[in-house]
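Trainee: The structure follows.
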Amino acid sequence: MRTNKGYRGKLITDATVAPQNITYPTDLKLLNAAREKSEELIDKLYTPLLHGEIKVRTYRQIARKDFLNTAKRKAKSIKVIYKANGSQLRYLKRNLGHIEFLLKAYPCFPLTPKEQKYLMVLHTVYQQQEQMHCTHSNRIEDRIVSIHQPYVRPIVRGKESAKVEFGSKLQVAIVLGFTFIDHLSWDAFNEGKYLAHTIEKYKERFGFYPAEVLADQIYCTRDNRKQLKEKGIKLIAKPLGRPSSKAVAVHLSPGERNPIEGKFGQAKIAYGLDNIKAKLKETSESWILSIALVLNLVAMTRQALAPLIMDKYAVLTY
């Protein structure tokens, strides 16, 4: 039972994606990049003293030519893409076999931790792509879309400009113009399930629950409505069921959620949240959190200067 009876403030929450700066991934591009990386590992591992004078064959020039013949086509049929993917898969499989053969000749493991990580990624990419190729599917769990940033996952957004984005998904809360990132994940998640988490984070920060919550329709599930009602928090959203002429409906006006949409636009257009250029997972997360910090510093500066500007304006108009 909650002992603090205070209800203060308005919480606005929504989710967005912070896309990574990677080329738009296709299976063919990914397989080609994996094949080229496997060739780099073969070049490093091959030593005439351990493996003989004849170097293992990679057919890299033929593989590159096969890739370009398909990639440069303006119109590619499903059959052409399927055949090209299969070709690159076979080249990659051959190269991975060569790498295992070359490694066996070394008394000690010769690869650096970074190179070993790449090798593990190449094996995972091959397994995923082979499974999708054999089943004629384009979906698989924990799908890798970049060998250099294997933690990035495709996130379906369903928007006209970008139906699928590749980056991290953020659960964001806006309170009095300040931005708080309550949840950051590299896997897609249903933001509606994190409303209770956002409410508790609000209480953790301020010591009391919000009086009102403004959220998108995806947050307005029956479970969330029930939890908010039990806590005495007012949800400003369209009620469930048929509209009643007697009941006083609480509707969300079109402009009430503008602050959080504006924050998303400010973060992506002005501060680069739509193009995270960091390469490492931890660095990317720090980049995103730094953007939130800058947003709050700007908001703090604006709120501090507002009274001074109004006083100066009053003097000028006196």
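The values are calculated or read from the model by the stated rules, or taken from the named source; none is laboratory data. The model shown is predicted, which means the values in this text are computed figures rather than measured ones. Counting neighbours? That spans all protein chains shown, and the Cβs are built from the backbone with ideal geometry, glycine included.
Trainee: Determine whether the range 290-306 contains at least one residue that is modelled with pLDDT under 75, of a type outside the set (Asp, Glu) and in the same structural domain as Thr179 (by TED's automatic domain parsing).
Mentor: Checking the range 290-306: at least one residue is modelled with pLDDT under 75, of a type outside the set (Asp, Glu) and in the same structural domain as Thr179 (by TED's automatic domain parsing).
Trainee: On to the next question. Residues in the range 91-137 that are part of a helix (DSSP H, G or I) and either among the polar types (S, T, N, Q) or under 18 Å from Tyr59 (Cβ atoms) (or both): how many?
Mentor: Counting residues in the range 91-137 that are part of a helix (DSSP H, G or I) and either among the polar types (S, T, N, Q) or under 18 Å from Tyr59 (Cβ atoms) (or both) gives 21.
Trainee: Select from the range 13-30 the residues that are crowded, with 19+ Cβ neighbours inside 10 Å, aliphatic (A, V, I, L, M) and either in a loop (DSSP other than H, G, I, E, B) or under 12 Å from the mean Cα position of the chain (by Cα) (or both) and list them in ascending order.
Mentor: Ala15, Val17, Ala18
Trainee: Go through (1) surrounded by 17 or more Cβ atoms within 10 Å (Cβ to Cβ); (2) part of a loop (DSSP other than H, G, I, E, B) for Gly167 and report which single condition fails.
Mentor: Failed condition: (2).
Trainee: May I pose another question? Of the numbered conditions (1) touching a residue at least 40 places away in the same chain (Cβ under 8 Å); (2) more than 22 Å from the chain's Cα centre (by Cα), His148 fails exactly one; give the number of that condition.
Mentor: Failed condition: (2).
Trainee: Hey, could you check the range 182-216 for residues that are in a loop (DSSP other than H, G, I, E, B) and touching a Lys or Arg at 6+ places or on another chain (Cβ under 7 Å) and say which is surrounded by the most Cβ atoms within 10 Å (Cβ to Cβ)?
Mentor: Looking at residues that are in a loop (DSSP other than H, G, I, E, B) and touching a Lys or Arg at 6+ places or on another chain (Cβ under 7 Å), I get Pro210.
Trainee: When you check Tyr151 against the structure, is it hydroxyl-bearing (Ser, Thr, Tyr), more than 30 Å from Ala211 (Cβ to Cβ) and not in a strand (DSSP E or B), yes or no? Walk me through how you get there before you give the answer.
Mentor: Details: hydroxyl-bearing (Ser, Thr, Tyr): yes; more than 30 Å from Ala211 (Cβ to Cβ): yes; not in a strand (DSSP E or B): yes.
Against the criterion (hydroxyl-bearing (Ser, Thr, Tyr), more than 30 Å from Ala211 (Cβ to Cβ) and not in a strand (DSSP E or B)), Tyr151 qualifies.
Trainee: Which residue, of Lys74, Lys44, Lys10, Lys65, is out of contact with any Cys (no Cβ under 9 Å at 6 or more places or on another chain) and surrounded by 15 or more Cβ atoms within 10 Å (Cβ to Cβ)?
Mentor: After ruling out the rest, the residue left standing is Lys10.
Trainee: Restricting the search to the range 77-110, which residues are out of contact with any Ser or Thr (no Cβ under 6 Å at 6 or more places or on another chain), surrounded by 15 or more Cβ atoms within 10 Å (Cβ to Cβ) and polar (S, T, N, Q)?
Mentor: Asn85, Ser87, Gln88
Trainee: State yes or no: is Lys44 among the charged types (D, E, K, R), under 30 Å from Leu280 (Cβ atoms) and either not in a helix (DSSP H, G or I) or not assigned by TED's automatic domain parsing to the domain that holds Ala215 (or both)?
Mentor: Against the criterion (among the charged types (D, E, K, R), under 30 Å from Leu280 (Cβ atoms) and either not in a helix (DSSP H, G or I) or not assigned by TED's automatic domain parsing to the domain that holds Ala215 (or both)), Lys44 qualifies.
Trainee: For Glu36, are the conditions met, namely being within 28 Å of the chain's Cα centre (by Cα) and either crowded, with 17+ Cβ neighbours inside 10 Å or under 19 Å from Glu130 (Cα atoms) (or both)?
Mentor: yes
Trainee: Given the condition surrounded by 14 or more Cβ atoms within 10 Å (Cβ to Cβ), at pLDDT below 90 and either assigned by TED's automatic domain parsing to the domain that holds Ile174 or not in a helix (DSSP H, G or I) (or both), answer yes or no: does some residue in the range 276-287 qualify?
Mentor: no
Trainee: May I pose another question? Could you check the range 217-238 and list, in sequence order, the residues that are of a type outside the set (S, T, N, Q), assigned to a helix (DSSP H, G or I) and in contact (Cβ under 8 Å) with a residue 12 or more places away in the chain?
Mentor: The answer is Ile218, Tyr219, Arg222, Arg225, Leu228, Lys231.
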